[in-house]
Every structure is written in C-alpha cells, then in structure tokens.
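Novice: What follows is a structure written as structure tokens; I'll ask about it next.
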Amino acid sequence: MKDKERIQLASVLLICIIFALFSLFIPFVREISDSLIAYSRSFQTGLPELISRSVFLYLTGLLLITYRRWKQALKKQKELEDVISNISPDVILVVDWKRNIMMCNALVKKVFGYEEDEVVHHTTDLLYGHGSSEEKHWQEMCEILKKGGLHIQLVTGKKKNGEAIPLEIIAGSLREGGGAVLLLRDITERKKMEHQLIRAEKMRLLGELAGGVAHDFNNVLAAILGRAQLLKKTFINDKGEPEIEASGYDLKKGLELIEKASLDGAETVRRIQEFSRKRKESDDDNNFTEVDPLQVIHDALEFTRVRWKDEAESKGIKITIEQRLSPVPSVSGRASELREVLTNIINNAVDAMPHGGMIRLSTLSEGNTISIQIQDRGTGIPEKVRDRIFDPFFTTKGPKSTGLGMSVSYGIITRHQGTITVDSNEGQGTTFTINLPVVVEREDREEKKEVKPVLRQSKRATILVIDDDESVRDLLCDILVEGGHEVESANSGFEGLELFKKKDFDLVFTDLGMPGMSGWQVSEEIKKISSTTPIALITGWKVQLEESEMMKKGVDLIVNKPFQLDQVLRLVHQGMEIRKRLENG
C-alpha cells in the first residue's frame, strides 16, 4: 500500500475516533447547546446551533469521501495484481520466511495442475522438493533476500500427477520484509533446446573429426580399389571378353573381393561424412530421387527378416510384425539411406524384446509431411539415457555395439530435412517417429542418365599428375597410361608448377590437400600461365562447389576419392572437351 493511501486511511480512522468521542459527549454538548440556545433566544439569534450542525455535516461528508477513495484504491490495486498475474508467464508465489505460501496466481493450475486454494497455506515442498541440504540453502537465500538482493536457482519441480519438471526460481524480498516473492518458471522447452544445441555441437565436432579420418581413409581405398581394377582388367582381352586361365581364377576372384570390400569401405566413409552435414541443399537435391516410403518399409522388413523371424524362431521366440500402412506420397531422398534408418530401428526393437513381442509399423500423411512410426513392446529406454540415444558412440548394448547406429540415423534424417523423435517408457516399449517432407515437383528435375564407361580415349592426351601421396599418384599414372595417355607426375605443388612451365600439358590432375601448396593454389598459378588448360581436382574431402565458385578458383572438374578406373578415364574425356571449348573461345 502506498504512503498516500496510508495517510488517507489514518485520516479516516482519526475522524471516526473524533466522531465517537463526539457521540460520547452528546449529553454534555446537548446541555451546553440548550443553554446556548436559551441564551441565543434571549438575544434572538441561532448562530451556535448553526455552527454545531455545520461541523457535524462537514465531518460526515469528509468521512464518506475518504472511505470512497480508499475503496477505489483497493479496487485498483486488486485490478493491477490480477493483470500482473494474468500476463506473467511464470507462477508467482508470495511466501513467508518459513516457506508457507500465502498467495499464488492462477497459472499454478496450468503448470502444476493445482487449484489456487490447494496451494495456499501449504509449504513450497508441495511444488518442488527440499532435502536437508536444500533447507540450509533456503536459509542462506533468505539472508540474501533480507538484504535486498535477488536469488536465482534451478530445481526440479513436481506436478500434481507426480511428473517432474525443470524449474527456474527467481526470488526477491517483500518491501516490508515479511517474506519473499518467488517466480517459478517452467524451463522444459528451454532444456530441450539446450539438448538439441549440445547434440548439434557434438555432431559438428565429430563431423570435423570424421572429415580428417575420411580423407586419409579415402587415400588408402583409392589405392586398393584402383589396383584391384587394373589387375582385374588384365583378365579381359581386347574384345572385352573374359580371358581366364585356370591358375588365374583364384586371383581374379580375390581381386573381385578386394574391389567389393573397397566399395563397401567407400560407402562407410560416406556415411561417416554425413555427420558433418555441410552440404548445400542444391547438392542434396541433385543427389536425391523420388522414394516410395512404403517400398522402403517393405525392403527394411525383408532385410531384417533373418533377425525378427529366422533367428527369433530358432531361439523359440515369436516376434510378430503388424503393418498399418496408409498410402502416402513420395519423399525426396536416397532409398538406401532411409532403408538403413528403418533397419537400425527394427533391429533395436528386436534387441529390446528378448522374450518376443510385436513390432508395429504405421504411416500417416499430413499436409506436406509424411510420418513413419515404428513401435515395439520391448523393455523401453530408461529416462536417464533417453536424451543420449542419438549421441555418437553411445550404446547400452556393451561391446557388441559401436553406438553409431542411431547417430547415423539422426544425421541421415536431418539431411533429408526431416525429424526423428523417440517416446519411451521403461518396461512399456518404445516408439520412434520419423517425419519427412513430401517430394516437391520441379519442372527442371531431370532423370539421371547412366553414363557408359569410357575405357579408351579417341585422342591421346598429355597429362600432369600432382599428388603428395605416392600410392595415389602412381595409381593415377598407371590408370592414365593404361588408357593410352602420356603422363608425368610431381610429388608437390612446387614441383608440378616447374614441370608445367617446361612442357605443354593438355590436362592437369592435382590433389587438394598437399603440404606447402594446396590444390587451390596450384590451380590459380597454372591458370595464370595457361588459362585454357583444364584442371581436375581430386580429393577425399567431399568437396562440393557451384560452377561459378570452381571457375573463380581455377578448377574445371572435381572427383572424390576413392575413384574408379572408368571414372578417371571419363574425367580425361570431359577435360579434353573443356579444353576444346576454351581454345575456341
């Protein structure tokens, strides 16, 4: 209450006291009045009576006006309190120093589920817990508040239904020092955002690590794959027909296994690189095709059949698959990646049901989004680890699991512009929900055409190969020589520039990551010497550039490691076409 209002109230009380005293002395006043009246009559005047009644009327009017103003002030104060309570996003509590709640706003029902009268006269233990250590903390906080300070604290609240919620408490003392005002803020959404940011940062850091690992691994794979393909090619005659001696059959079979393993290794590297997720949307669109979600689900069930049927039945376990698949539109993406996500989730569901159970798959279309749900009746995910299941290398399966399955799935769905969420109760099962945008029809979308292998070029080319990795450099030279071209090599950018100044080359292959001088710098220097010489950048960093950016950096072609034999020869063909175009202006 303001000072002005206190003064008004004190004035009213004072007037009331005066009026009461006046009433007590009425008989005495009346005798005096009668005497004065008698006296005044003797003088033929009523002045004393007039004065007496005027004073009485004045005091009565003043009392009524003050009382009315006091009521209006109380009404305004109540309206102000209601407005503050209604517009505040926080629960407001007024408590005494023993934590007894004296007043609260209506938001307590929305946040905690209690009515106001269920909260008032209870301690704050009703809304958030206090242990023995918390009681000491409260006393320390009270000392701060009594000195006029503010206090901010994070605690775990509890709703009427027993659900725990994270709370932020901001406390300040009342002006009279009779207690404190607490603002209780539900920070559930803020916590979710923090977890998402932390997860995104982890993925970014892992992406940087994966990029370096992938680069080195790609160099190894390039050498293995290229050598295997070159050796395998020796078993094919000039007519393209197989020419295998009995003694060479096992060698060819071994080379085919090496080739397959290298391609599988390249796919593994590509999956690791998905963690970085730095590709441009246009690049994703160019690599994406229309995918039928129902077909992806069917394929994933077939891929995992050995787990949920054959393997389970061999152990005497029955796992049933229930499909509630509604027709849904196509999505834009890679079928192999989406299939991998569903395969991971189905395998996890099987692991969560060691005694059997049911896996339900369902689809739903809403607007421009389709949803895929995979639900199991397994053991569920403990609450303490639920927020970590998408973290890289996190697993609850022990040494038999790498902990990469769900983190890879998270990266894939994110790159598909979708979301993946989990809802699980320990002992009751788990539900994964995947949301993906439907395919956007574009007039300029063209079907990818299969590029036929180019094994030999019609024109012999003079090519300079620059790479600091000896195995990759020698492999490139051997592939190009096998393709009928003249090749010279250099193990650094500086050596490559010296060779280029001494001899005319039709085409230059250069690695990106080299000590001393990078591939970008080599390209810029060569373009200064000869602007019509095409430059092919070979890298294990998954470089993606727009055509304008490539021209600015002096690069005409890009090929990512590990490359295949036919891919390198096609690159030479493209480079010669570019050279002809540049020379003709």
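Novice: Restricting the stretch 84-108 to residues that are farther than 20 Å from residue 156 by Cβ and either among the aromatic types (Phe, Trp, Tyr) or assigned to a helix (DSSP H, G or I) (or both), which is modelled with the highest pLDDT?
Specialist: Of everything passing the filter in the stretch 84-108, 97 is modelled with the highest pLDDT.
Novice: Within the stretch 365-376, can you find the residues that are touching a residue at least 12 places away in the same chain (Cβ under 8 Å) and either in contact with a helix residue (DSSP H, G or I) (Cβ under 9 Å, 6 or more places away or on another chain) or more than 23 Å from residue 304 (Cα to Cα) (or both)?
Specialist: Listed by number, the residues that qualify are 365, 368, 369, 370, 372, 374, 375, 376.
Novice: Could you tell me which residue of the stretch 313-341 is surrounded by the most Cβ atoms within 10 Å (Cβ to Cβ), considering only residues that are assigned to a loop (DSSP other than H, G, I, E, B) and of a type in the set (A, V, I, L, M)?
Specialist: The residue in question is 328.
Novice: What number of residues in the stretch 342-351 are at pLDDT 90 or above and either under 21 Å from the mean Cα position of the chain (by Cα) or more than 17 Å from residue 420 (Cα to Cα) (or both)?
Specialist: 3
Novice: Just name the residue that is surrounded by the most Cβ atoms within 10 Å (Cβ to Cβ) out of those in the stretch 291-312 that are aliphatic (A, V, I, L, M) and either over 31 Å from the mean Cα position of the chain (by Cα) or not in a helix (DSSP H, G or I) (or both).
Specialist: Applying the filter and picking the extreme gives 291.
Novice: Looking at the structure I just gave you, is residue 136 in the same structural domain as residue 93 (by TED's automatic domain parsing), without any contact (Cβ under 8 Å) to a residue 40 or more places away in the chain and over 29 Å from residue 425 (Cβ atoms)?
Specialist: yes
Novice: A further question on this structure: May I ask you to list the residues in the stretch 439-487 that are in a loop (DSSP other than H, G, I, E, B), among the hydrophobic types (A, V, I, L, M, F, W, C) and either at pLDDT 85 or above or surrounded by 14 or more Cβ atoms within 10 Å (Cβ to Cβ) (or both)?
Specialist: If the condition is that a residue be in a loop (DSSP other than H, G, I, E, B), among the hydrophobic types (A, V, I, L, M, F, W, C) and either at pLDDT 85 or above or surrounded by 14 or more Cβ atoms within 10 Å (Cβ to Cβ) (or both), then 439, 454, 455, 461 are the ones that fit.
Novice: For the stretch 549-585, what are the residues that are among the small types (Gly, Ala, Ser) and in contact (Cβ under 8 Å) with a residue 40 or more places away in the chain?
Specialist: Selection gives 575 alone.
Novice: So how many residues does the stretch 364-376 have that are in contact with a Gly (Cβ under 8 Å, 6 or more places away or on another chain) and at pLDDT below 90?
Specialist: 0
Novice: If residue 507 satisfies every condition in (1) modelled with pLDDT of 90 or more; (2) surrounded by fewer than 17 Cβ atoms within 10 Å (Cβ to Cβ) but one, which is the exception?
Specialist: Among (1) modelled with pLDDT of 90 or more; (2) surrounded by fewer than 17 Cβ atoms within 10 Å (Cβ to Cβ), residue 507 violates only (2).
Novice: Right, something else. What number of residues within the stretch 95-117 satisfy the criterion of being in contact (Cβ under 8 Å) with a residue 24 or more places away in the chain and over 17 Å from residue 174 (Cβ atoms)?
Specialist: Residues that pass the stated criteria total 4.
Novice: If I go through the stretch 475-522 residue by residue, how many of them are under 14 Å from residue 465 (Cβ atoms) and in contact (Cβ under 8 Å) with a residue 24 or more places away in the chain?
Specialist: Final tally of qualifying residues: 33.
The values are calculated or read from the model by the stated rules, or taken from the named source; none is laboratory data. Since we're looking at a predicted model, the values are computed, not measured. Cβ sites come from the backbone with ideal geometry, for glycine too, and all protein chains shown count toward neighbours.
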